[in-house]
């Protein structure tokens, strides 16, 4: 969310608030800074420098969310100042949050919520981030570093033996690996692991030797330890996992690294995994009785209503330094014809509601929601209950995506449910 709600959105807002309000724990991913404009921006961003002014943020509170995840690729769009302002605003409103902080230990700490059904801890983590956004630990001579709770990941491209030999010959001919080899030889870089060949920054392996993507073992072990520790303190532990990576050519596909992360967290005691990041739906899987939503898409999309953008953005898309944000966004989107705002799949989502008893999931339903793709006014990008053909479209998409994970869904009275015997 980056812009205020229009006055005529009140009815849909109330309907969404009523649905959300029936839950004890109401989770969302806050993929923006919350700060006054005027501070400096980072040299990197999550794609678009996102910021919500504190007064506008109060509109978002109308939905009734009581937890905000802050581990995502936009958390440091406005550097440490933007991050710390966001945390300050959340604290001022006494809202539970996790995923970023003034140190890695603070970023990794679970948020705590007390409910009638037990104590809930929520951990937020991202696999998608610019390296300078990583939170750091205090060490001898150094203060801790603000940033996000993270799990790094590696993408591998598989080739047959003949192609690998050809790639090595090309690397030797063009010299793309000469400098990396020098850095290894002089101790400033580590050599590739066994079975990995780097062609510049891209990692290759023999077919079948590695998964297409995998988590950094040390980072994943740290996350798993956090989940286990949280499970000793809370009755339920939820993980909000932010992931933009893909192994193939479609955002809706679940990358191997995300399934690895989700399963490891459930094995460690997490009761549910909520995926965010990619702007469209991914599969739902039930693993060891725990629901995994690999991506819930967007709940609000206002990417074309950003108020200001820095010179860095304008330079990237070849517009004048003093261009407006709208001019910059229209240049990137070729007049609104490409990008997230041009694809209906980025305007379709579900809002799950899960019931637990004695540590076990006993029911799961998902409300189909659309973000008014066809609207060309300020209602575009804001959530409303999907009905009729749109609800059936969301159900069909999610069913198709989830089927390879063994998840069968049905549509009953406008709600998407796990298929048991009959819906």
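Listed values, structure above:
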quantity	calculated
Selection within the stretch 340-365 - in contact with a helix residue (DSSP H, G or I) (Cβ under 8 Å, 6 or more places away or on another chain) and closer than 25 Å to residue 303 by Cα	340, 345, 346, 348, 349, 350, 351
Residue list for the stretch 113-133, restricted to those being closer than 30 Å to residue 198 by Cα and touching a helix residue (DSSP H, G or I) at 6+ places or on another chain (Cβ under 8 Å)	125, 127
Residue identified as in contact with a strand residue (DSSP E or B) (Cβ under 8 Å, 6 or more places away or on another chain), touching a residue at least 40 places away in the same chain (Cβ under 8 Å) and more than 23 Å from residue 355 (Cα to Cα) among 107, 23	107
Check on residue 69, surrounded by fewer than 24 Cβ atoms within 10 Å (Cβ to Cβ) and either touching a strand residue (DSSP E or B) at 6+ places or on another chain (Cβ under 7 Å) or within 21 Å of residue 302 (Cβ to Cβ) (or both)	no
Unique match (being assigned by TED's automatic domain parsing to the domain that holds residue 92, free of Cβ contacts under 8 Å to residues at least 24 places away in the same chain and on the phi < 0 side of the Ramachandran plot) among 18, 31	18
Check on residue 212, modelled with pLDDT of 95 or more and in contact with a strand residue (DSSP E or B) (Cβ under 8 Å, 6 or more places away or on another chain)	yes
Filter pass, residue 226 being outside the structural domain of residue 71 (by TED's automatic domain parsing) and either at pLDDT below 95 or under 25 Å from residue 284 (Cα atoms) (or both)	no
The listed residue being surrounded by fewer than 18 Cβ atoms within 10 Å (Cβ to Cβ) and in contact with a strand residue (DSSP E or B) (Cβ under 7 Å, 6 or more places away or on another chain), out of 55, 12	12
Subset of the stretch 232-261 (residues that are surrounded by fewer than 17 Cβ atoms within 10 Å (Cβ to Cβ) and either closer than 28 Å to residue 104 by Cα or more than 19 Å from the chain's Cα centre (by Cα) (or both))	232, 233, 235
Counted residues, the stretch 226-241 - those being touching a residue at least 12 places away in the same chain (Cβ under 8 Å), out of contact with any helix residue (DSSP H, G or I) (no Cβ under 8 Å at 6 or more places or on another chain) and part of a helix (DSSP H, G or I)	4
Leading residue by the ranking (surrounded by the fewest Cβ atoms within 10 Å (Cβ to Cβ)) among those in the stretch 262-304 that are within 14 Å of the chain's Cα centre (by Cα) and within 18 Å of residue 230 (Cβ to Cβ)	273
Residue within the stretch 327-346 that is touching a residue at least 12 places away in the same chain (Cβ under 8 Å), in the same structural domain as residue 34 (by TED's automatic domain parsing) and closer than 30 Å to residue 24 by Cα present	yes
Enumeration of residues in the stretch 27-40 that are assigned to a loop (DSSP other than H, G, I, E, B) and surrounded by fewer than 19 Cβ atoms within 10 Å (Cβ to Cβ)	36, 38, 40
Selection count where residues are out of contact with any helix residue (DSSP H, G or I) (no Cβ under 9 Å at 6 or more places or on another chain) and outside any loop (DSSP other than H, G, I, E, B), scope the stretch 41-78	7
Residues within the stretch 376-410 that are surrounded by 14 or more Cβ atoms within 10 Å (Cβ to Cβ) and either out of contact with any helix residue (DSSP H, G or I) (no Cβ under 9 Å at 6 or more places or on another chain) or closer than 19 Å to residue 297 by Cα (or both), tallied	22
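Residue-by-condition table, conditions (1) over 29 Å from residue 157 (Cα atoms); (2) out of contact with any helix residue (DSSP H, G or I) (no Cβ under 7 Å at 6 or more places or on another chain); (3) in contact (Cβ under 8 Å) with a residue 60 or more places away in the chain:
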residue	(1), (2), (3)
243	no, no, yes
249	no, yes, no
261	no, no, yes
266	no, yes, no
273	no, no, no
280	no, no, yes
305	yes, yes, yes
308	yes, no, yes
313	yes, no, yes
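The values are calculated or read from the model by the stated rules, or taken from the named source; none is laboratory data. Computed from a predicted structure; not experimentally measured. Quick reminder, even Gly has a Cβ in these numbers, built from the backbone with ideal geometry, and neighbours come from all protein chains shown.
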